[in-house]
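Working notes, structure below.
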Amino acid sequence: MNPMEVVQENSVNPVNTQTWANGRHMMRCVKVIQETHDVKTFCFMSQTPIMFFFKPGQFVTLELTIGGEQVMRSYTISSSPSVPYSFSITVKRVKNGLVSNWLHDNMRVDDELAVHGPVGNFNCIDFSTERALFLSGGVGITPVMSMARWWYDTNSNVDMKFVHSAQTPKDIIFLKELELMSSRIDNFELSIVCERYDIGESWHGYRGT
Ligand SMILES: Cc1cc2nc3c(=O)[nH]c(=O)nc-3n(C[C@H](O)[C@H](O)[C@H](O)COP(=O)(O)OP(=O)(O)OC[C@H]3O[C@@H](n4cnc5c(N)ncnc54)[C@H](O)[C@@H]3O)c2cc1C
């Protein structure tokens, strides 16, 4: 058989793929990435391929059933619509938190869940600018990471200063990717601030709270 004739059902087709619109959608977890000791990124695709166009900074609301109860929690999309065939959320464990710990302990590749969105006015499309100062702390990096990825991937001329604060060096989310971006383009300046470093850790960057 001609390999060109082999078209996998549900495979991604860049020509006729549908796009995402605000609403309730069934998603499949396609990847789980351990970012730090207590932060994971969960990547999702639709059951039938769609392109996830959204405004960087927007969020989705997950609908889950835990212990027989329906629970909803919102998470900012940490990925960028410049990589549109999937989207990601990045979740930090919250002490005694129901959903964050459930996701970390239970959400696996191929699991399905309902997602509402995308929504949110805090985004970098509705408010355009030539210069952006991103200030984030901890897992609050997610909206500005999406914006930075978008402007980086789309070769924007926006002059970006990215200042991120973490508790300790081992808590810095997306460090390698941020360093890569700042090493490759002139209009992305990165500063990381750590509150402290633990015994055995070294940190030569900024310190402060
Ligand atoms: C727009 C938006 C975007 C967000 N984006 C992100 C993101 O990108 N990444 C991310 O990690 N989070 C994000 N969040 C936060 C996220 O929605 C959750 O709030 C977070 O994951 C905690 O949920 P949880 O179910 O784990 O904790 P919960 O179960 O809601 O508990 C939260 C805290 O309250 C305490 N608590 C719960 N019930 C009680 C009670 N009855 N009495 C006293 N204390 C109680 C818990 O012990 C815990 O410390 C976002 C929130 C919003 C609104």
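Results, tabulated for the structure shown:
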quantity: Under-5 Å amide H pairs with LEU190, H placed in peptide plane, nonlocal only; calculated: PHE162
quantity: Ranking by accessible area, most exposed first, for HIS204, HIS116, HIS37 with a 1.4 Å probe; calculated: HIS204, HIS37, HIS116
quantity: For the chain, share of DSSP beta bridges that run antiparallel, in % to the nearest 5; calculated: 65 percent
quantity: Filter on LYS40/LYS176; LYS31/LYS176; LYS95/LYS176; LYS55/LYS170; LYS95/LYS170; LYS55/LYS161 - keep pairs with C-alpha separation over 23 Å; calculated: LYS95/LYS176; LYS55/LYS170
quantity: For the stretch 171-185, 3J(HN,Hα) per residue [Karplus equation, 6.51 cos²θ - 1.76 cosθ + 1.60, θ = phi - 60°, Hz, x = Gly/Pro]; calculated: 9, 6, 8, 6, 4, 4, 5, 4, 5, 4, 4, 5, 7, 9, 10
quantity: Where the chain is the region considered: accessible area per residue in Å², 1.4 Å probe; calculated: 56 Å²
quantity: Extension gain, LYS31 back to LEU135 (0.36 nm per residue minus Cα-Cα distance, nm); calculated: 34.7 nm
quantity: Probe 1.4 Å, all protein chains present, accessible-area order of HIS164, HIS25, largest first; calculated: HIS25, HIS164
quantity: ASP186 versus GLU69: modelled label distance in nm, points set 7 Å from Cα along the beta carbon direction; calculated: 5.6 nm
quantity: Cα centre as origin, Lys/Arg/Asp/Glu Cβ charges: the chain dipole, Debye; calculated: 320 debye
quantity: About the Cα centre, charge dipole magnitude for the stretch 6-124 (Lys/Arg +1, Asp/Glu -1 at Cβ), debye; calculated: 300 debye
quantity: Accessible-area value, SER46, 1.4 Å probe, nucleic acids and ligands omitted, Å²; calculated: 20 Å²
quantity: Accessible area of TRP20 in the full protein assembly, 1.4 Å probe (Å², nearest 10); calculated: 20 Å²
quantity: Dipole in debye (nearest 20) - the stretch 131-207, about Cα centre, beta carbon charges: Lys, Arg +1; Asp, Glu -1; calculated: 80 debye
quantity: HN-Hα J in Hz across the stretch 39-55 - Karplus 6.51, -1.76, 1.60, θ = phi - 60°, x for Gly and Pro; calculated: 10, 10, 9, 10, 9, 10, 10, 7, 5, 9, x, 9, 9, 8, 8, 8, 9
quantity: Heavy-atom accessible area ranking, 1.4 Å probe, most first, across THR90, THR209; calculated: THR209, THR90
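The values are calculated or read from the model by the stated rules, or taken from the named source; none is laboratory data. Computed from a predicted model, the values in this text were never measured in an experiment. Neighbour counts are summed over all protein chains in view; Cβ atoms, including those assigned to glycine, are modelled from backbone coordinates with ideal geometry. Calculation scope for accessible area: heavy atoms of the full protein, side chains included, ligands and nucleic acids excluded. Shrake-Rupley method; radii C 1.70, N 1.55, O 1.52, S 1.80 Å.
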